[in-house]
Amino acid sequence: MVVHDKTMVIHDKTMVIHDKTMVMRDKTVDMYSSAFLLASLVSLLSLPCVQSQVTNSCAAAMQDFLSKASPDFDDTDKSLSLELLEISDFYQECGTLYVSVELWRVISKPKIDRPTDFGTPEYFSKDQHCENPNPDLLSKHGQARKAWAWQQRMEVRSGRGNSNQIKFYHVVEKEYMIRLCPCQVNGHCTCENTNPGTQVCSPLFTVPNPDEDQVFPWCRGQSQSPQPKIDSPIIQHCPAQLRITGIIPSCTTVRDYDQVEVILQAVYGHPTNCKDLPLPTLTSSNRLESTVQLKAVNQTHGSFEVDIKNITHDIYYCLRVELVNHPYCNSGADHSLDRQTKICRPALWNEPIFIAGHQCGPLPPCPETRPNLPLITGASLAAALVLAIGLVLVHRLACRRKSHPQDLSGTDRLLLSPPAPQYPDVFFLYFCDSEEFIAVNKLVVRWLNGLGHRVMDLSDDLLQEELVSSPESWITEKLEDPNTKVVIVNSDLANTCIKSSEEIIQKDDMNDLRIFSLKHIHMRLATNYRRLAVIQYRLDKSSSLLSLVPHTRHLLPDHLPELQAWLAETQGWDDNDNLESTREQTLRDLKAAVQKYTSVYK
């Protein structure tokens, strides 16, 4: 067995933004819509509710948080925890829901002298020491953690605890520093991509670790690295899978949270060995991968085992194994760390793995080589006769069917079955102006569900659990989906947000996400008549979201047929007679709710 090293290549993923084609009704509407869009964008960028510039108040808020923060060190597994319960306050000052949290370790034996004020707030506030930490004195400890402002609220609501905690592992040095950076609205959530001067660093704090170095000497470049050991892969059939085991060393004591990544890279052709293949071939996307736990064999080594399934037959594979996100395997600032050590480089199994095709189960019986011509002829004639009779019957039924046009009112037409072509998803956005207003919107959501649409309502508890991990990205993905219809309900709070979101009273936890959604719609879909519709329950020309799809408003319940036709992108209704259904009851409830809501304004 020969184990070779390959350097780890990280592919940056680029975001591809597809341009959306605006659909205009005629040339006159096109001219007015372009003017409205330009004016709306200019006014939107000048409003406080859409400004994304991070001011000094943001840095002050994060600095105040760091002055009160108290990291919790667990000596049993060498982890450092940081509670972020107050991080939701950053949204008001920083204009973002996310914060990047980094841990930096102090190099224990630097090659330069420390400044007298090194590690103090005064030191990090000058000469860009926080924006660009000195690589001779500080080294980034592992990957940054992304913290969400409202994660703690969502975890409490879903019954998963009352904590917004992040952890850093393999904390074996004595001095550390924490850096916070507000994430940009559009871009990667890293300190390198944030605006200059917005990074905030904590003073140095000590961790009660012993004086002796707990980083093994081969990761300090002081001795030769021990060799990893990968056992011969075991090929299994029916179904085809590969069992891989081995032992690899680490840079610090192996812990329960350590992981390794096992990658099977598909290689086309007939390679003789894997070490001489070009790097793009060994890092392409055509691969199978699995991340498993590294179990401690002793302090310096850990073992792994994994079964990789869905193997394709008659293809060669190259195997490599590497540590996952070990903080002492990061390239860069720490001069005491040798990135080229074999501990941190992928271990490569040199011999290509080939799984030949295999027949599972008993072989099928061989059919007679002589065809049965009478049977084939009789079956063909019978099939032709049945097909001919079926075509005649279908033709006669189609000719007998007559169209009976009916002069149906809007209410009667609602009781017909929904159009057949499609039922797109509907992003239904409204603000919580009053209890009566919420009741009306709930009935509209029920009516849309009855038509066969999947309605995305931010007030829905199940939907909130779906978007809890990354709400802004989830909302942006749904709003940018060309197959998703967007319906906004006109109300006083919606119009207030268009003017200034600071005047809106927080009535529930989802209000900020509603503001974010309305801002995105205003920026991207303001004149997209095919995807955006505005509905209202009372006539109010002075305040009706005039900058969104001008000249088109659906007044409910009178315009429910038109709204249904717009959702299905059709103007026709079928001529089937329908019995009493839940949609009829929903229509009666909706009329009563709208009457109750509009009576307040009479």
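Grab the Cα-Cα distance for THR552 and LYS126, subtract it from 0.36 nm times how many residues apart they are, and report the gain in nm with one decimal. Intermediate values should be presented prior to the final figure.
Working: separation 426, 0.36 × 426 = 153.36 nm, distance 5.58 nm.
The span from THR552 to LYS126 would gain 147.8 nm if fully extended.
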If you plug each phi of the stretch 120-136 into the Karplus form 6.51 cos²θ - 1.76 cosθ + 1.60 with θ = phi - 60°, what whole-Hz ³J(HN,Hα) values come out, in order, with x for Gly and Pro? 8, x, 5, 5, 6, 8, 10, 6, 6, 5, 8, 5, 10, x, 5, x, 7
For LEU279 and ASP77 in the same chain, what is the full-extension length gain: residue separation times 0.36 nm, less their Cα-Cα distance, in nm? 69.1 nm
Could you derive backbone 3J(HN,Hα) for the stretch 427-433 from the dihedral phi with the Karplus parameters 6.51, -1.76 and 1.60 (θ = phi - 60°), listing whole Hz in sequence and x where the residue is Gly or Pro? 8, 9, 10, 8, 9, 8, 5
Two pseudo-spin positions, 7 Å from Cα along C-beta at VAL392 and at TYR257, lie apart in nanometres by 7.8
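At R0 = 35 Å, how high is the FRET efficiency between GLU477 and ARG588 if r is their beta carbon distance? Nearest 0.05 is fine.
Details: r = 36 Å, r/R0 = 1.04.
For R0 = 35 Å, the calculated efficiency reads 0.45.
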Sorting HIS551, HIS313, HIS395 on solvent-accessible surface, 1.4 Å probe, most exposed first, gives HIS551, HIS395, HIS313
Karplus couplings for the stretch 100-105 from phi (6.51 cos²θ - 1.76 cosθ + 1.60, θ = phi - 60°), rounded to Hz, Gly and Pro as x? 8, 10, 10, 10, 10, 9
Efficiency by 1/(1 + (r/R0)^6): what FRET value for LYS295 and ASP136, r their Cβ-Cβ distance, R0 = 56 Å, to the nearest 0.05? 0.90
Along Cα→Cβ, 7 Å out, is where each label goes; now give me the distance between the ones at ASP307 and GLU192 in nm to one decimal. 4.0
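Over 31 Å between C-alpha atoms is what I'm after, so list which of LYS140/LYS309; LYS126/LYS167; LYS146/LYS478; LYS109/LYS167 land there.
The answer is LYS140/LYS309.
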Sort the stretch 248-319 into rounded, prolate or oblate with this rule: let a ≥ b ≥ c be the square roots of the eigenvalues of the Cα gyration tensor; rounded if a/c is under 1.5, and if a/c is not under 1.5, prolate when a/b is larger than b/c, oblate otherwise. prolate
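Note the full-extension length gain between LEU385 and ARG287 as 0.36 nm times their separation in residues minus their Cα-Cα distance, in nm to one decimal. Can you show the working numbers first?
Numbers: separation 98, 0.36 × 98 = 35.28 nm, distance 5.18 nm.
Length gained between LEU385 and ARG287: 30.1 nm.
The values are calculated or read from the model by the stated rules, or taken from the named source; none is laboratory data. Just so we're clear, the structure is a prediction, and the values are computed from it rather than from any experiment. Note: ideal-geometry Cβ built from the backbone for every residue, glycine included; neighbour counts use all protein chains shown. Only protein heavy atoms, including side chains, enter the accessible area calculation; ligands, DNA and RNA are left aside. Shrake-Rupley method; radii C 1.70, N 1.55, O 1.52, S 1.80 Å.
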